[in-house]
Amino acid sequence: MIKNKKILVVGAGGFIAGHLIKELIKNGNFITATDIKPKEYWFQDFDTAKNFYSTDMKDIDNCRKVTDNIDYVFNMACNMGGMGFIENNKAECMQSVLINTNLLIACKEKGVKKYFFSSSACAYNKKKQEDVFIKGLKEDDAYPADPEDGYGWEKLFSERMCRHFMEDYGIQVRIARYHNIYGPYGTYDGGREKAPAALCRKVLNAKKNNNKIEVWGDGMQTRTFLYIDDCIEGTLRLFESDYSDPVNIGSDEQVSINQMIEIIENISGIKKLERIYQLDKPKGVRGRSSNNDLAKKILKWSYKIKLKNGLKKTYDWISSEVNKQGSNLSRFTKS
Ligand code: GKE
């Protein structure tokens, strides 16, 4: 367990980082938190973490300012979202490479000991994800390189940048490839949302109007989805391990989008909705799953929360948010 350390979390206003900071504070660490979004748009608030900076970490001087007297850095920052965002903002997504590169340079200058990089399943070779149900992707399946356009290339390039900073300058790096993380405080509207939250929102809306649900693609495409609590546990175990190559932090509970919609319909108690399949919408790969053999072997970690249980918590949270504030888009649309 990481305790009593001075930790910089970059991308602190985002979904995963918000949950990570909560856990790090609980374990008695001193957090410096940065995000490009103004603080009122951060997904979670942390009054107990004294140092907040709303600043652009693509700028190396800003990276230098916040890495003074820091033990560990978690780089959770990138301009991203679900397929609806990354398919239409490739140049924007690629620029996140500036955050990781400048942050590593600053860490090297300031003598930061250990560095975490949040990579993604989008780093995997697309050609290995062309069938609906595929064998879980193993870490070596990222090569030969053919990642998701834009966002996936940034993640793969930044993984290698981390590796070379370790080889050449000795900074310890830890790299997780996240497989579609979902849960409360995740974006559920405004264009950056991923499928679990988007479909929860759509089922909620369908209850209020025409009992129809718009689905991107034919609904046969498959994914695995990891609940946020499992993600944080796996992330902290990886960080505390001595393993510096990329590791899958994901689930191997592979479902089609149609199957996920059925799970959400059962959670909501609504009768079966009429599916409207939008074949022109962003679809990403045809099939994806995470092979967790390496995480089990080196981290003694695997996910615990089954999709139906995680979706129940997510659906209930989104429902309460929508009822509380209408759709609280303001927090999710400010970039
Ligand atoms: N976002 C969204 N919204 N996706 C939908 C919807 C909808 O209303 N309806 C169906 N889908 C389908 C998409 O067409 C895609 O085939 C699948 O759900 C998953 O979409 P997603 O969650 O937006 O994103 P992907 O899993 O394809 O890719 C994401 O993977 C993550 C890592 O696993 C990336 O967008 C990143 O968020 C990240 O790299």
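To put it simply, the accessible area of the stretch 1-80 at a 1.4 Å probe is 49 percent carbon and sulfur. Between the helical axis of 257-268 and the longest alpha-carbon principal axis of the chain there is an angle of about 80 degrees.
Given their separation in residues at 0.36 nm each and the Cα-Cα distance between them, D218 and K324 gain 34.9 nm when the chain is fully extended. Model label points for D61 and N205, set 7 angstrom from Cα along the Cα-to-Cβ axis, are 4.3 nm apart. What the Cα atoms of the stretch 188-259 give is an Rg and a Dmax of 16.1, 53 Å. When a/c reaches 1.5 or more, the comparison of a/b and b/c decides; with that in mind, is the stretch 37-80 rounded, prolate or oblate per its Cα gyration tensor? The shape class here is oblate.
Nearest 10 degrees, 0 to 90: what angle lies between the long axis of helix 151-169 and the longest principal axis of the chain (Cα atoms)? Compared with the principal axis, the helix lies near 20 degrees. Calculated FRET efficiency, E109 and R160, Cβ-Cβ r, R0 22 Å, to nearest 0.05? Working from the Cβ atoms, E equals 0.60.
Against the main long axis of the alpha-carbon atoms of the chain, helix 228-240 sits at an angle near 20°. Annotation: extensible slack from S54 through D242 equals 64.5 nm (criterion: 0.36 nm per residue apart, minus Cα-Cα distance).
Rounded to two decimals, the Cα-based Rg/Rh of the stretch 1-42, with Kirkwood Rh, is 0.98. Checking the a/c ratio against 1.5 first, then a/b against b/c, what shape does the Cα gyration tensor give for the stretch 252-328? Judged from the Cα gyration tensor, the stretch 252-328 comes out oblate (a/c at least 1.5, b/c at or above a/b). Would you please calculate the Kirkwood hydrodynamic radius of the chain over all C-alpha pairs and express it in Å, rounded to one decimal? Taking the inverse mean of 1/r over all distinct Cα pairs, the chain comes out at 20.1 Å. The loop-placed trypsin sites (Lys or Arg not before Pro) in the stretch 9-99, going by DSSP, that have at most 13 neighbouring Cβ atoms within 10 Å of their Cβ come out as K50. Once the Kirkwood radius over Cα pairs is known for the stretch 138-227, the Stokes-Einstein relation at 20 °C and 1.002 mPa s delivers a diffusion coefficient of 132 µm²/s.
Extension gain, N27 to K5: 0.36 nm times the residue separation minus the Cα-Cα distance gives 7.0 nm.
The values are calculated or read from the model by the stated rules, or taken from the named source; none is laboratory data. Every value quoted in this text rests on a predicted model; they were computed, and no experiment measured them. We place every Cβ from the backbone using ideal geometry, glycine too, and count neighbours over all the protein chains shown. To get the accessible areas, we keep the full protein, side chains included, count just its heavy atoms, and leave off ligands, DNA and RNA. Shrake-Rupley method; radii C 1.70, N 1.55, O 1.52, S 1.80 Å.
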